1. Is it the case, given these coordinates, that residue 54 is within 25 Å of the chain's Cα centre (by Cα) and either part of a helix (DSSP H, G or I) or closer than 26 Å to residue 211 by Cα (or both)?
2. State whether one or more residues within the stretch 78-92 are out of contact with any helix residue (DSSP H, G or I) (no Cβ under 8 Å at 6 or more places or on another chain) and over 26 Å from residue 161 (Cβ atoms).
3. Out of 62, 25, 51, 9, report the one residue that is buried (at least 17 other Cβ atoms within 10 Å of the Cβ), closer than 17 Å to residue 170 by Cβ and either in contact (Cβ under 8 Å) with a residue 12 or more places away in the chain or not assigned by TED's automatic domain parsing to the domain that holds residue 197 (or both).
4. Among the residues of the stretch 77-88, how many are in contact (Cβ under 8 Å) with a residue 24 or more places away in the chain and over 15 Å from residue 15 (Cβ atoms)?
5. Given the condition modelled with pLDDT under 95, surrounded by fewer than 19 Cβ atoms within 10 Å (Cβ to Cβ) and assigned to a helix (DSSP H, G or I), answer yes or no: does some residue in the stretch 86-94 qualify?
6. Which of the residues spanning the stretch 131-149 are in contact with a strand residue (DSSP E or B) (Cβ under 9 Å, 6 or more places away or on another chain), surrounded by fewer than 24 Cβ atoms within 10 Å (Cβ to Cβ) and under 18 Å from residue 273 (Cα atoms)?
7. Could you tell me whether residue 13 is within 20 Å of residue 205 (Cβ to Cβ) and touching a strand residue (DSSP E or B) at 6+ places or on another chain (Cβ under 8 Å)?
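The values are calculated or read from the model by the stated rules, or taken from the named source; none is laboratory data. Bear in mind that the values here come from a model prediction, so they are computed numbers and not experimental data. Note: ideal-geometry Cβ built from the backbone for every residue, glycine included; neighbour counts use all protein chains shown.
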């Protein structure tokens, strides 16, 4: 067994974002962690299910399954590996990428926000995406309805590159209504996940997915978000990584702007009102 095969087996058996196992693997190697697990080097009672899972898993089957869905399995040794994700407290064991893995190497802006945007928010997301694409940046988002979709579409309309980090298997179009959008994204950009094919998008996977959006990107922009929103988690993940965080202001009585105003009020995000504002803020803070 080699490092790639060990990572494939551990990736299949361990849920993404697991701090302990990420640190164990990055502290030594996947091969060493695998060997220690099967030889009883970890608590055999506490980790009995994990030991059973990895002992009955074939790396060839995992890699073939990923390949059969038109995707690639990339690990830190790969030339296309996005080194920025290693700044996370729990870096991914590996990533599954469909489309163009080279897109993960470019300067990129995360644009995130509510699934139920106003016309104002939808327009702003598309305009900022196009503005950054014109400056040769990629746009990163989560592939969901709402602000995510408008950001991806804004980048594509401007003939740029966009990356969707999803919370389910690469073979599942979630949400189903974005199947065509995902296909268009893959033409020049990529779909990225740390979930095996066939696995559904569960609530906790959106939270772990959000940290990847923040880590792959050089900066994060929140366009519209409710007071309690997953987009705020992405913003906080980005702040923990010392990456620039920005927010778009909205009407003071708009529920969809409460999260942005909260970030601005807490000094957790810089208020920006134009692409030029955002470009200047990122330049100063990089």
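1. For residue 54, the condition - within 25 Å of the chain's Cα centre (by Cα) and either part of a helix (DSSP H, G or I) or closer than 26 Å to residue 211 by Cα (or both) - is not met.
2. No, there is no match, as no residue in the stretch 78-92 is out of contact with any helix residue (DSSP H, G or I) (no Cβ under 8 Å at 6 or more places or on another chain) and over 26 Å from residue 161 (Cβ atoms).
3. Values: 25 fails: closer than 17 Å to residue 170 by Cβ; 51 fails: closer than 17 Å to residue 170 by Cβ; 9 fails: closer than 17 Å to residue 170 by Cβ.
Only one candidate passes the filter, namely 62.
4. Number of matching residues: 7.
5. Looking for residues that are modelled with pLDDT under 95, surrounded by fewer than 19 Cβ atoms within 10 Å (Cβ to Cβ) and assigned to a helix (DSSP H, G or I), one finds none in the stretch 86-94, hence no.
6. Answer for the stretch 131-149, where residues must be in contact with a strand residue (DSSP E or B) (Cβ under 9 Å, 6 or more places away or on another chain), surrounded by fewer than 24 Cβ atoms within 10 Å (Cβ to Cβ) and under 18 Å from residue 273 (Cα atoms): just 133.
7. On the way: within 20 Å of residue 205 (Cβ to Cβ): yes; touching a strand residue (DSSP E or B) at 6+ places or on another chain (Cβ under 8 Å): no.
Judged against the criteria, residue 13 is not a match.
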